[in-house]
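One structure below.
The values are calculated or read from the model by the stated rules, or taken from the named source; none is laboratory data. Given the structure is predicted, the values throughout are model-derived calculations rather than measurements. Every residue, glycine among them, receives a Cβ derived from its backbone with ideal geometry; neighbour counts consider all protein chains shown.
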Amino acid sequence: MFDISKIRTVDDFPKKGIKFYDITTVLNDTESFQKLFKEMLEKARKLKPDVIVALEARGYIFAPALALALNIPFVPLRKKGKLPYKTFSEQYNLEYGCETIEVHQDAMKPNQHILICDDILATGGTAEAAAKLMQHFNPKSIVFLFLMELSFLKGRDRIVDFIVESLIIV
């Protein structure tokens, strides 16, 4: 099991009242990063995805490497206006604002097992939006893989129809 003490917490970031979980401390520690990646890869293998999707930006740290290790495609979800081709869009609320994520309309095929990867499950707004966005592709299944889950924010309640795996639950 991964050691949570390796993750730094920063109070009042990005705004007052928010506690930010900073994973750069893990990324700067080769041994911790490798251990974390191996645990994520083991969980991803068991979920048997056909494609890995990640949310901008910290999901990009893990998902492309997982996709390469599993020899499957990686699909980025980007903030509004960052993708150059035709997109599907989904708006969602964060603890500190509102965002829109997009995916290229030709990014995936129907009937795929989709693994959505991100660093932290907090309120679940981003995860819920990602799942809604994936519905455009008529997936066979959608599963989630998170480094950390902040259970006190009850984000899992917004994605109850899906399998959710988290390495660390706080």
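General observations
- The range 2-20 - residue that is within 20 Å of residue 165 (Cα to Cα) and in contact (Cβ under 8 Å) with a residue 40 or more places away in the chain and, of those, surrounded by the fewest Cβ atoms within 10 Å (Cβ to Cβ): 4
- Matching residues, the range 110-128, being out of contact with any Ser or Thr (no Cβ under 8 Å at 6 or more places or on another chain) and either of a type in the set (Gly, Ala, Ser) or in contact (Cβ under 8 Å) with a residue 40 or more places away in the chain (or both): 112, 115, 116, 117, 119, 120, 122, 124, 125, 126, 127
- Any chance residue 111 is touching a helix residue (DSSP H, G or I) at 6+ places or on another chain (Cβ under 7 Å) and either in a loop (DSSP other than H, G, I, E, B) or under 30 Å from residue 12 (Cα atoms) (or both): no
- One residue stands out in the range 98-127 among those that are of a type in the set (Gly, Ala, Ser) and touching a Leu at 6+ places or on another chain (Cβ under 7 Å): the one that is surrounded by the most Cβ atoms within 10 Å (Cβ to Cβ), namely 127.
- Residue list for the range 80-127, filter: charged (D, E, K, R) and more than 11 Å from the chain's Cα centre (by Cα): 80, 82, 86, 90, 95, 99, 102, 106, 109
- Index of the failed condition, residue 90 passing every other in (1) in contact (Cβ under 8 Å) with a residue 12 or more places away in the chain; (2) under 27 Å from residue 37 (Cα atoms); (3) not aliphatic (A, V, I, L, M): (2)
- Selection of the range 123-151 for residues being of a type outside the set (Gly, Ala, Ser), assigned to a helix (DSSP H, G or I) and modelled with pLDDT of 95 or more yields 128, 132, 133, 134, 135, 136, 137.
- Within the range 130-148, residues that are in contact (Cβ under 8 Å) with a residue 24 or more places away in the chain and farther than 11 Å from residue 88 by Cβ sit with their Cβ atoms under 8 Å from residues that are part of a helix (DSSP H, G or I) and of a type in the set (Lys, Arg), at 6+ positions apart or across chains, in these pairs: 145/43.
- Checking every residue in the range 85-97 against the condition of being touching a Gly at 6+ places or on another chain (Cβ under 9 Å), surrounded by 15 or more Cβ atoms within 10 Å (Cβ to Cβ) and within 29 Å of residue 152 (Cβ to Cβ) gives at least one match.
- Of all positions in the range 83-92, at least one carries a residue that is aromatic (Phe, Trp, Tyr), over 24 Å from residue 45 (Cα atoms) and touching a helix residue (DSSP H, G or I) at 6+ places or on another chain (Cβ under 9 Å).
- In the range 21-63, the residues that are surrounded by fewer than 14 Cβ atoms within 10 Å (Cβ to Cβ) and over 22 Å from residue 4 (Cα atoms): 45, 46, 48
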